[in-house]
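Here the structure comes first, spelled out in structure tokens, and everything after it is commentary.
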Amino acid sequence: MIAKSQKNWSGDAAALLRVGEGFALADVDPQSTPGYEKTKVEAAEDLASGAGQLDEYQERLFAQSRVDATNASVLLVLQAMDSAGKGGIVRHVVGSVDPQGVSITAFKKPTPEELEHDFLWRVERRLPETGIIGVFDRSHYEDVLIGRVRELAPTDEIERRYGAINEFEKRLTDGGTRVVKVMLHISSDEQKARLEERLERPDKHWKYNPGDVDERELWPKYMEAYQRVFERTSTEHAPWHVVPANRKWYARIAVQNLLLEALESIDPQWPAATFDVEVEKKRLAAT
């Protein structure tokens, strides 16, 4: 199903970007634009059009949750190497809806308190409430990515976490949460160019982290870790989507499309009035 507001797509973005059987991250061209053959200018127009639709869906979802017993919500999980554009997705895609209907969490290095609990403990505390679009800027997957690459946990513990994640996400989807998992995939060369730009621009220095260079040296290991994540945790109830992200404009419209499709599958409706509208019109007119 192509999202209603994305008529310029030549195919279903969710299907084209979905991680399926036999998927290989190495086969994905970060410069490509699967399913979208229009220009950057046309993409900006589509993004603006989709923003209006996304805003309406979000408001309908929020309104429905206030009177309906359904537990519908959406959780967008964003994972990527540094500088891949997660912030741009939050700003240009999620930022188009009413902030009251969004919950954004940027997971950092675990605190001492969080380390005293299972790795999913802090994630459970940040799940979106009914009627809310939740966004994880990095997520529980850090514990099987950095944990694996940096050897922060034993191999058997990493293996346990894959299973725990699958069970956790199955519980979420069974409870009414649509889980949209996205890996923004950029090339090593593109990341280098973006980091160089941050160093050249004083207004971007605050975004630069010297540790990013250290992580770049581990690029092959991170790609292997992501491949393992896809193989172990891309499930029927919560599949992964790999979005080529060298072109920021494509990544943004692709993620917007994935969110629109998730909301269309929920199909939230404006709640009916619980009072007599005509009577209230007359009462109001008389004041």
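The values are calculated or read from the model by the stated rules, or taken from the named source; none is laboratory data. Computed from a predicted structure; not experimentally measured. Neighbour counts run over all protein chains shown; Cβ positions are idealised from the backbone, glycine included. Heads up: the accessible areas ignore ligands, DNA and RNA and are worked out on the full protein's heavy atoms, side chains in. Shrake-Rupley method; radii C 1.70, N 1.55, O 1.52, S 1.80 Å.
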Name the single residue that is surrounded by the fewest Cβ atoms within 10 Å (Cβ to Cβ) among those in segment 264-282 being of a type in the set (A, V, I, L, M, F, W, C) and touching a Lys or Arg at 6+ places or on another chain (Cβ under 8 Å).
W270
Inside segment 125-149, can you point out the residues that are open to solvent by 50 Å² or more (accessible area, probe 1.4 Å), out of contact with any Leu (no Cβ under 8 Å at 6 or more places or on another chain) and more than 18 Å from L76 (Cα to Cα)?
R148
List the number of the failed condition for S83; all other conditions in (1) in contact with a Lys or Arg (Cβ under 7 Å, 6 or more places away or on another chain); (2) part of a loop (DSSP other than H, G, I, E, B); (3) open to solvent by 30 Å² or more (accessible area, probe 1.4 Å) hold.
(3)
Of the conditions (1) touching a helix residue (DSSP H, G or I) at 6+ places or on another chain (Cβ under 6 Å); (2) more than 15 Å from K109 (Cβ to Cβ), T155 satisfies every one except a single condition; which number is it?
(1)
Residue check for Q79: in contact (Cβ under 8 Å) with a residue 40 or more places away in the chain, within 16 Å of the chain's Cα centre (by Cα) and more than 28 Å from S187 (Cβ to Cβ):
no
Condition set open to solvent by 70 Å² or more (accessible area, probe 1.4 Å) and among the β-branched types (V, I, T), scope segment 40-71, selection nearest to the chain's Cα centre (by Cα): answer is V41
Could you tell me whether any residue of segment 240-250 is of a type in the set (F, W, Y) and farther than 26 Å from S49 by Cα?
no
So, of the residues in segment 86-124 that are touching a Ser or Thr at 6+ places or on another chain (Cβ under 9 Å) and not in a strand (DSSP E or B), which turns out to be least open to solvent (accessible area, probe 1.4 Å)?
V123
Considering segment 77-123 alone, what residues qualify as being of a type in the set (G, A, S) and more than 20 Å from R194 (Cα to Cα)?
G95, S96, G101, S103, A106
Whether any residue in segment 152-168 is β-branched (V, I, T), assigned to a helix (DSSP H, G or I) and without any contact (Cβ under 8 Å) to a residue 60 or more places away in the chain is what I want to check.
yes
Those residues of segment 183-208 that are part of a loop (DSSP other than H, G, I, E, B) and touching a residue at least 24 places away in the same chain (Cβ under 8 Å) come to a total of 2
Single residue of segment 209-245 satisfying the filter (among the β-branched types (V, I, T) and part of a helix (DSSP H, G or I)) that is surrounded by the fewest Cβ atoms within 10 Å (Cβ to Cβ):
V213
Single match in K248, K170, K181, K204 (criterion: in contact with a His (Cβ under 8 Å, 6 or more places away or on another chain) and open to solvent by 20 Å² or more (accessible area, probe 1.4 Å))
K170
